[in-house]
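Heads up: the structure comes next, in structure tokens.
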Amino acid sequence: MDSTRYDVVIIGGGAAGLSAATTLARALRSVLVIDSGTPRNAPAAGVHGYLSRDGMNPRELLTIGRSEVLSYGGTVLDGEAVSARRTPYGFEVVLGDTRRFSARRLLVTTGLTDELPPIDGLREQWGKGVVHCPYCHGWEIRGQRIGVLGTGPLSVHQALLFRQWSRDITLFLNDTVEPTIEEWDKLAARSVTVVDGAVASVDAVDGVLTGLTLRQGPSFDLQALAVGTRMEARSALLESLGVSSQVHPSGAGRFIETDAMGATAVRGVYAAGNVSNIMAQVITAAAEGVMTGARINADLIEEESRRAVEGHFGPFAAASEAAVSKIVLGHRRHGLDDLQKTADMGTTTTAQRESA
Ligand SMILES: Cc1cc2nc3c(=O)[nH]c(=O)nc-3n(C[C@H](O)[C@H](O)[C@H](O)COP(=O)(O)OP(=O)(O)OC[C@H]3O[C@@H](n4cnc5c(N)ncnc54)[C@H](O)[C@@H]3O)c2cc1C
């Protein structure tokens, strides 16, 4: 087999990409996964909410996923895909180190980037003392003194959400959030403390978050800080193939639109996981990978069946015969006339008979 030609190349070897690769390899497809090794949840200690894998280290989950792909004959390469283009074969993907691979179908599972607010000390705590998703981290920080950093219109919602996990919630408006009257009522009714003023720094001692300090001076003790990030699909390769990203309806970022099975608006190009669903958790991304892998296999089967018919019957295939007879006979084709022409011919014949 040509080691640079595959049925499917998958760009991105996170939960979505590896699940799709396993599905395709088990369908006896030649599949290559290219992965640059920066999954979104890399800073986290464990994956939560994944049935049967709860708390597993994110790297360990992916190591097991890779070995499953390999066990069914799939290939996984470390590297970064820097460009992709359409070719007569399908697509060509080029890596940063100039390696090139061809694929009949392309699946992009590159995930998303969490854009963090530029506040001193915040990035260092990302995935540790600074969290974003209560379903990923809520249990671990339940009952603690939790701050919510105002980053946009969804911050009030985030404060009310984390209130489910702790009675001690402080929303820092950060000169960014202006709650509506209705939101003020909800925050008061749920005993959420609200603090005005811009946040200058996130503070830590020995790598453990201790609180934050406002630009005007006062510091606040906290055990965890929730931050809504701007979630930007890692979509550069898709955009270069003509698949545009869209603003997410929530306003929380940008995503790639697909149909329910992962097909983008560009033929032969698919997407799954966080790149097309910014709300997807690990198990959701994995499930989307499985579904999109099956959809790509169906697409290949459709193409192969069509080619097989052409190969088997050649010019005598039903579709070829119909096309030829249409050209040669037009509306006189036996048994293939459309209803309108039949009706027209019938009218003419009757009229001719009447005038005769
Ligand atoms: C701090 C944190 C903690 C989280 N904790 C949890 C949790 O406990 N439970 C949970 O369910 N979810 C959690 N999540 C969400 C989780 O990270 C995502 O749901 C999941 O990573 C989505 O999987 P994915 O395969 O779509 O993308 P990713 O896991 O991000 O994988 C994308 C892969 O594509 C690769 N890639 C990108 N561009 C290229 C390129 N050009 N060429 C080659 N490779 C490329 C990247 O290196 C990466 O490996 C957490 C997120 C964060 C930020």
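Structure above, values below:
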quantity: Members of the range 210-229 that are within 15 Å of Gly129 (Cα to Cα) and assigned to a loop (DSSP other than H, G, I, E, B); calculated: Leu222, Gln223, Gly228, Thr229
quantity: Failed item, numbered, when Gln158 is tested on (1) exposed (fewer than 14 other Cβ atoms within 10 Å of the Cβ); (2) within 23 Å of Val282 (Cβ to Cβ); calculated: (1)
quantity: Residue identified as over 17 Å from Val76 (Cα atoms) and hydrophobic (A, V, I, L, M, F, W, C) among Ala44, Ala27; calculated: Ala44
quantity: Selection within the range 183-209 - touching a residue at least 40 places away in the same chain (Cβ under 8 Å) and in a strand (DSSP E or B); calculated: Val199, Ala200, Ser201, Val202, Asp203, Ala204, Val208, Leu209
quantity: Residue within the range 249-267 that is among the aliphatic types (A, V, I, L, M), touching a Leu at 6+ places or on another chain (Cβ under 7 Å) and at pLDDT below 95 present; calculated: yes
quantity: Checklist (1) modelled with pLDDT of 95 or more; (2) closer than 25 Å to Asn41 by Cβ; (3) within 16 Å of the ligand (Cβ to nearest atom) applied to Asp203, failing item; calculated: (3)
quantity: First in the range 246-274 and more than 23 Å from Ala103 (Cβ to Cβ) and more than 13 Å from the ligand (Cβ to nearest atom), second anywhere and assigned to a strand (DSSP E or B) and among the β-branched types (Val, Ile, Thr), Cβ under 8 Å, 6 or more apart; calculated: Gln246/Ile256; Arg254/Val247
quantity: Hey, Ala81 of a type in the set (A, V, I, L, M) and more than 20 Å from Ala233 (Cα to Cα) or not; calculated: no
quantity: Helices (runs of 4 or more DSSP H) fully within the range 230-334 counting 2 or more residues that are surrounded by 13 or more Cβ atoms within 10 Å (Cβ to Cβ) and in contact with a helix residue (DSSP H, G or I) (Cβ under 9 Å, 6 or more places away or on another chain); calculated: 282-313, 318-329
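The values are calculated or read from the model by the stated rules, or taken from the named source; none is laboratory data. Since the model is a prediction, treat every value here as computed from it, not as a measurement. Note: ideal-geometry Cβ built from the backbone for every residue, glycine included; neighbour counts use all protein chains shown.
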